[in-house]
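Readers should treat all values here as calculations from the given coordinates under stated rules, not as data from a laboratory. Values in this document were obtained by computation on a predicted structure and should not be read as measured data. For neighbour counting, all protein chains shown are included, and Cβ atoms are generated from backbone atoms with ideal geometry for every residue, glycine included.
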Amino acid sequence: MRFTHTFGRADTDLNAVREVSLTINATHLFIYFVPEAAKEAAQLGVTAYAPAYFAFRSAPMGPVPWQVTLAAFYSFSPRSVQAMADVWAAASPEQWQTARFTAAGRALRRVDVNLTADQITEARSLIDPVVGSADYAGKTMAAANASVPLPADPLVALWQQITVLREWRGDAHFTVLAANGIGPCDCNVLQTATGHFPEAIARATRLWDDEEVAAATARLVARGWLNADGSPTHAGIAAREQIEAETDEHCAALWTPIGDANTRRLTSLIMPVHEAFTAARTYPFPVETGGIQSAAPRNAR
């Protein structure tokens, strides 16, 4: 089994890195499930979920062809991303970005996120130095989002800063996957086999076909990570965790400007966003936060 080298600092608490990363992802996630996003997309002339998803998420990169979005998103099949081929004809990336902020703001108010003005200000005092001092080399989606002017709404502006760091870790994760020879379909199969993402949702959104999934499964079986029936082996579960650990190491230096204690403070400050959307029954599957995995992996054999 080949794994990459350590990117982070030895004096960084990787548990704090994992906790803040999971919470950032959970706090960012609502935009893909709330009805406000679908409504804003429809007003731009797009009613199907897939092209709206790709337009909203890739808008910070500008009017790029779908092949560029495919490269930046890594885990999606070409046939899934082709759905966005005409989205820039419907509306400009700037219009999509504005619509995304509008949807986020309306959704945040609908679920009544329990964050005071002082807490938003404190969270910004912690997250802004992280975003401002981050190294964006090789971090395409993070860099694109960092270039977006922040909206006037303080809560939505905080959410956008969270989005930058969510995409930063995603970019880092893709670097780790590629360095370890885990391709776009393979990472989907490993993710679903170990219980970290529902298979039905992965198949419906990533659109890898049966032949591609079978080939990816065969590659993972050859590595000793899956059994022939697609269930994970102990080695496969360990490999999946090692990939996450390497991503934590890659991200560790990101958090050194504020230190471990403030990293944990940021985690606690933004958690109410996720809690509000969970209480509103926003998600069709359990979401991991704060180092706790709420969707248990299948048993290894």
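Place +1 on the Cβ of every Lys and Arg and -1 on the Cβ of every Asp and Glu in segment 14-279, take the dipole about the Cα centre, and give the residue among THR267, ALA157, ASN227 whose Cα lies farthest towards its positive end.
ALA157
For n ≥ 4 DSSP H runs only, could you compute -39500 (n - 2.57) per run for the chain, divide by its residues and tell me the 222 nm figure to the nearest 500? Working shown, then result.
Working: 15 runs with 189 residues, N = 301.
One gets -19500 deg cm²/dmol as the mean residue ellipticity at 222 nm.
Expressed as a rounded percentage, what relative contact order does segment 14-279 have, with Cα pairs under 8 Å and six or more residues apart? Before the final figure, lay out each step's value.
Working: 311 pairs, mean separation 78.0, N = 266.
About 29 percent, as a whole number.
Which far-off residues, 5 or more places away or on another chain, put their amide H under 5 Å from the one on LEU226, with H placed in the peptide plane?
VAL221, THR233
If you count, for each residue, the other Cβ atoms within 10 Å and average over each peptide, how do 37-44, 162-169, 229-236 line up from highest to lowest? Display every interim value, and only then the final one.
On the way: 37-44: 17.9, 162-169: 23.9, 229-236: 16.2.
My ranking of the peptides, most packed first, is 162-169, 37-44, 229-236.
Kirkwood Rh, Cα Rg: Rg to Rh for segment 14-279? If you can, show how the numbers build up before the last one.
On the way: Rg = 18.5 Å, Rh = 19.3 Å.
With Rh from the inverse mean 1/r over Cα pairs, Rg/Rh is 0.96.
Would you grab the residues whose amide H sits under 5 Å from the one on THR289? Only those 5+ places off in sequence or on another chain, please, with H modelled 1.01 Å from N.
Placed amide hydrogens put SER294 under 5 Å from THR289.
Amide H to amide H, which residues 5 or more places from ALA91 or on other chains are under 5 Å from it, using H placed in the peptide plane?
Residues meeting the amide H criterion: none.
Given Cβ point charges of +1 (Lys, Arg) and -1 (Asp, Glu) and nothing else, what value in debye, to the nearest 20, does the dipole of the chain about its Cα centre take?
Working: 24 positive and 30 negative charges, 67 e Å.
Roughly 320 debye for the chain.
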